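Student: Here it is, the structure in full.
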Amino acid sequence: MSAIFEFRHTVQPSEIDGQGHVNNIEYLRWMQDAAVAHSAVQGWTTQRYLEFGAVFVVRSHQIEYLQPAFAGDEIKVVTWVNNFDRFTSLRKYQVVRERDNLLLANAATNWAFISWPRRLPKRFPPELVEAFVVVPEDQEPSLL
């Protein structure tokens, strides 16, 4: 079971905005892709969530952009689960350019766990919580 997960991606020309760097919305897409991939590796695929009758939805995002990314950059999104509360979970991220290990962004997403399709808050099942190692703030990776 891996506490810290790394999602790799090559920046595509279609992800570049009118200012010549990666559009802000792409960081959200990468964060979501990293979260979904990390969950699947831990045994919780989209199909498993649907069979269980519950899914994660975003309550809020926080992103601090530090440096731009450009077409062709190899990036990795480093992600981990910071906590599980009753119905929510905080997941954190660092977006890093691989060639020089430059931190491009720090981010966090507050995910809510809801029943599907009723969309009511649902408690986390023990087997879901046990599938992830919670990384407390004093053990988070840090590039700064």
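Student: Between residues in the stretch 25-50 that are more than 20 Å from ILE63 (Cα to Cα) and residues that are hydroxyl-bearing (Ser, Thr, Tyr) and not in a helix (DSSP H, G or I), which pairs lie under 8 Å by C-beta distance while being six or more apart or on different chains?
Tutor: That search, which allows pairs on different chains as well, returns SER39/THR45; VAL41/SER2; GLN42/SER2.
Student: Separate question: Determine if the stretch 118-139 includes at least one residue that is in contact with an Asp or Glu (Cβ under 8 Å, 6 or more places away or on another chain) and acidic (Asp, Glu).
Tutor: no
Student: Any chance the stretch 32-44 includes a residue that's exposed (fewer than 15 other Cβ atoms within 10 Å of the Cβ), among the aromatic types (Phe, Trp, Tyr) and farther than 18 Å from PRO141 by Cβ?
Tutor: no
Student: Please determine, by comparing only the residues of the stretch 1-34 that are more than 16 Å from LEU104 (Cα to Cα) and in a helix (DSSP H, G or I), which one is nearest to the chain's Cα centre (by Cα).
Tutor: Out of the qualifying residues, it is GLN32.
Student: I'm trying to understand the selection: among the residues of the stretch 6-60, which are under 27 Å from VAL129 (Cβ atoms) and among the small types (Gly, Ala, Ser)?
Tutor: ALA34, ALA35, ALA37, SER39, ALA40, GLY43, GLY53, ALA54, SER60
Student: A further question on this structure: Do any residues in the stretch 1-24 that are farther than 23 Å from TRP80 by Cβ have Cβ atoms under 9 Å from those of residues that are surrounded by fewer than 16 Cβ atoms within 10 Å (Cβ to Cβ) and among the polar types (S, T, N, Q), where the two are at least six apart or on different chains, and which pairs are they?
Tutor: The qualifying pairs are GLU15/ASN23; ILE16/ASN23; ASP17/ASN23; ASP17/ASN24.
Each reported figure results from applying straightforward, stated rules to the coordinates on display, with no laboratory input. Quick caveat, the model's predicted, so the values are computed rather than measured. Neighbour counts are summed over all protein chains in view; Cβ atoms, including those assigned to glycine, are modelled from backbone coordinates with ideal geometry.
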